[in-house]
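Undergrad: Structure below; questions to follow.
Since every read-out is calculated from the coordinates, none of them should be taken as a lab result. Note that the coordinates shown come from a computational prediction; the quantities given were computed from them, not determined experimentally. For neighbour counting, all protein chains shown are included, and Cβ atoms are generated from backbone atoms with ideal geometry for every residue, glycine included.
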Amino acid sequence: MRRPTIIDVVRHAGVSWKTVARVVNRESGVRSDTIVRVDAWIAALAYRPNTAARALAADRTYLIGVLSAALSAHYSVAFSYGAAELCLQRGHHLVLGRIDMDDPDVVGQMDRMLRTADLHGVIVPPPLCNNSALLDTLARWEMPAVLIDPIDQKCGLPLVQIDDEVGVEELVAYAVRLGHRTFAIVEGPPDHRASTTRSAAFHTAVARHGCSISRREHGAFTFYSGFAAGQRLLADGANASFVFATNDDMAAGVIAAAGQARVRVPEDLSVAGFDDSDVAQLTWPPLPPFVSRLRKSRRQRLTCSHEPIQRSP
């Protein structure tokens with residue numbers, strides 16, 4: 001049986017081949033009724049674009065890379081899933097690149113990925129977006145890239161970010177309404193802008209409400225680092241009634257440490273995280289969902305990050 005071609009779709013839909021191509025590529029400037037008609041004939045004919053010919057004609061591979069250092073497994077999965085969904089909607093495909101930050105040869109890892117994957121562009125989340133050697137490698141390859149929440153906001157590359165400060169302020173106001181006055185914080189890695197931004201916003205908000213922070217612990221945005229931080233807090237008899245961990249994975253670790261120490265949550269100690277990730281609903285009790293807007297923000301962030309890559313030549 002002959003494989004359907006774009007000409008078959010053109011003939012049945014009554015449009016030009018360029019219009020069909022624009023619908024397939026999810027480009028703007030096509031009427032909604034035309035999109036519906038073309039999509040219907042694509043489905044009816046079981047038409048599949050020839051990816052090799054499509055890439056050759058457009059001089060692009062339609063492959064978007066998302067780099068991952070996997071500091072937080074739940075966040076990385078959610079971010080990658082959202083990126084994959086968006087890529088499919090825009091006629092692209094996702095390639096996940098794992099970068100081992102413990103390997104000193106980050107440049108070699110990036111070189112190997114770019115040499116073999118034939119990417120059209122990459123999305124670089126933290127902390128990789130703060131690695132100057134990795135960014136220099138992307139520049140050497142002339143690879144279009146978008147950075148997510150880099151520390152250097154004047155790096156000269158397209159970047160996107162969300163307003164973490166608003167979510168942290170809501171968290172502190174929520175805690176104060178519950179009657180909390182003494183806080184502790186588990187901060188994340190210093191090379192992660194979200195960590196430093198959330199920590200600074202937390203200190204500012206607590207002071208604004210006339211409250212105090214009795215303890216600061218540090219983690220690595222992982223469950224086990226949060227567990228260790230929670231053990232240290234509880235072993236030293238910290239007098240805080242509310243612990244804020246700057247991501248959900250570490251907050252889950254603090255809750256586990258409290259359970260091990262037979263400290264009841266939230267009766268004896270309240271714990272909150274940040275990100276509104278799936279792990280927030282896997283703990284018992286669940287983490288408070290006061291930053292539910294972040295799911296929408298994360299999607300908006302992915303949409304913004306895709307645009308500069310899609311427009312690049």
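Undergrad: Enumerate the amide H contacts of residue 145 below 5 Å, restricted to partners 5 or more residues apart or on another chain; note that Pro and chain-start residues carry no placed amide H.
TA: Close amide H contacts, sequence-distant or interchain: 122.
Undergrad: Let me ask you something else. How do 87, 155 line up, fewest other C-beta atoms within 10 Å first?
TA: If I rank by nearby Cβ atoms, fewest first, I get 155, 87.
Undergrad: From the Cα gyration tensor of region 164-275, with a ≥ b ≥ c the square roots of its eigenvalues, which class applies: rounded if a/c is under 1.5, or else prolate if a/b is larger than b/c, or else oblate?
TA: oblate
Undergrad: Starting with the fewest neighbours, write out 17, 141, 284, 41 ranked by other beta-carbon atoms found within 10 Å of each beta-carbon.
TA: Ranking 17, 141, 284, 41 by Cβ neighbours within 10 Å, fewest first, gives 284, 17, 141, 41.
Undergrad: Using a Förster distance of 41 angstrom, determine the FRET efficiency expected from the C-beta separation of residue 89 and residue 264, and round it to 0.05.
TA: 0.35
Undergrad: Given the Cα-Cα distance of residue 239 and residue 48 and 0.36 nm per residue of separation, how much length would full extension add, in nm?
TA: Using 0.36 nm per residue and subtracting the Cα-Cα distance, I get 62.5 nm.
Undergrad: Continuing with the same structure: Whole Å is fine, so just give me how far the alpha carbon centre of region 199-265 lies from that of region 2-29.
TA: That distance is 56 Å.
Undergrad: So, one more: Using each residue's phi in region 195-211, evaluate 6.51 cos²θ - 1.76 cosθ + 1.60 at θ = phi - 60° and report the 3J(HN,Hα) Karplus result to the nearest Hz, with x for Gly and Pro.
TA: 5, 5, 5, 5, 5, 4, 5, 5, 4, 5, 5, 4, 5, 4, 8, x, 10
Undergrad: Taking amide H positions as placed 1.01 Å from N in the peptide plane, with prolines and chain starts having none, which residues 5 or more places from residue 187, or on another chain, fall under 5 Å of its amide H?
TA: Amide H neighbours of residue 187, under 5 Å, 5+ apart: 217, 218, 219.
Undergrad: Sticking with this structure for a sec: For a quick check: sort 171, 233 by the number of other beta carbons within 10 angstrom, fewest at the front.
TA: Ascending number of Cβ neighbours within 10 Å: 171, 233.
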